[in-house]
Amino acid sequence: MQFWSGTAFMNAADAIAVAQILDEAGFDGVICADHLIYPRELASPYPSPTGKPMWPPDTAWPDSWILIGAMAAVTRRLRLSNAVYVAPARPLLEVAKQVATASVISGGRVALAVGAGWMREEFELLGQDFGNRGKRLDEMIPALRALWQGGWVSWSGHYYQVPELMLEPHPTAPVPILGGGESDAALRRAARLCDGWVGTAYGWDDAARYVATLHDLRREYGRDSEPFEIMLALLEPPSLDLYRRAEDIGITAVMCAPWAGLDIGYRAAIEQFAETYL
């Protein structure tokens, strides 16, 4: 079982220090969340029962790839990824360049976790089509793999046309791509095109249901014998038994916040968790 931690709602400077502590304590990875802005007039419905985001407008969302670069500089073994990066809101070549650079400077410790996104306003401000974001993401995933191969590379698809060019630096090893999202289209994207799936936080029954669905879909696409990561948070009290049961059903990584509900500081909470579960 891998143990990852997140940086959402954390001060950006604190996140860099926390990454270093996680690295020293033996955690496997750290994730960054992604949002560009919060518009004063937000018409897009957030995927929740209320239709509204749970965070206030002044919540800070540091740029994922700048933060990942900073965390890579102060860690040695910690893996670095997203939960999730709204890749289709950005141009294909920009995503390819950012992730490739992060992979190289981190020594190959980067994974890209992508989602289709929900905020139309972000897409429009960035000049990207919101209506076909899912279909473009489906094409973006194999396009990124092609553009990261090194040497003269190109891509010809329905939504993206990239003439022959060199994109350097390029990753020295394949960058894992994880799919995010809970819709049927998102789960199918992960099972068909990705190296894994990253969810959010669930009770045990919901977590088990998503895992079973992913296993079924991977069999449907003939990919059930391939390695596949499943990362999520569990809304259950932490215990060795919980993590054993999670591993038994195919969860490969749990996201956790060791400091949640404690008033002992990041370092003490992380070290306490590591001593118990890692």
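The values are calculated or read from the model by the stated rules, or taken from the named source; none is laboratory data. Quick caveat: nothing in here was measured; it's all calculated off a predicted structure. Heads up, the Cβs are rebuilt from the backbone with ideal geometry, glycines too, and the neighbour counts pull from every protein chain shown. Please note that ligands, DNA and RNA were not included when accessible areas were found on the heavy atoms of the full protein model with its side chains. Shrake-Rupley method; radii C 1.70, N 1.55, O 1.52, S 1.80 Å.
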Checklist entry - the range 165-209 to the range 1-54: how many Å between their Cα centroids? => result 17 Å
Checklist entry - Of the accessible area of the chain, with the probe set at 1.4 angstrom, what percent is carbon plus sulfur? => result 53 percent
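Work out how much length D63 to E168 would gain on full extension: take 0.36 nm times their residue separation and subtract the Cα-Cα distance, in nm to one decimal.
On the way: separation 105, 0.36 × 105 = 37.80 nm, distance 2.13 nm.
Taking 0.36 nm per residue and subtracting the Cα distance, the gain is 35.7 nm.
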Checklist entry - Using only the Cα atoms of the chain, what do you get for the radius of gyration and for Dmax, in Å? => result 18.4, 55
Item to check | Local electrostatic count, W204, Cβ distance below 14 Å [Lys/Arg +1, Asp/Glu -1] | outcome: -3
Checklist entry - Hey, what number do you get for the chain at 222 nm if only DSSP H runs of n ≥ 4 count, each worth -39500 (n - 2.57), divided across all residues, to the nearest 500? => result -12000 deg cm²/dmol
Next on the checklist: Taking the solvent-accessible surface of protein heavy atoms with a 1.4 Å probe, what is the per residue accessible area of the range 5-68 in Å²?
Outcome noted: 52 Å²
Item to check | Relative pair counts by distance (%), Cα atoms of the range 1-80, 10 Å bins | outcome: 17, 43, 25, 14, 1
Checklist outcome for this item: Taking a probe of 1.4 Å and leaving out DNA, RNA and ligands, the range 192-278 shows per residue an accessible area in Å² of 53 Å²
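Considering all alpha-carbon pairs of the range 19-157, what whole percent are spaced by more than 18 angstrom?
I get 60 percent for the Cα pairs in the range 19-157 exceeding 18 Å.
What net charge do the residues around D241 carry, taking every other residue with its C-beta under 15 Å from that of D241, with Lys and Arg at +1 and Asp and Glu at -1?
Values: positive: R244, R245; negative: E236, E247, D248.
Charge balance in the 15 Å sphere: -1.
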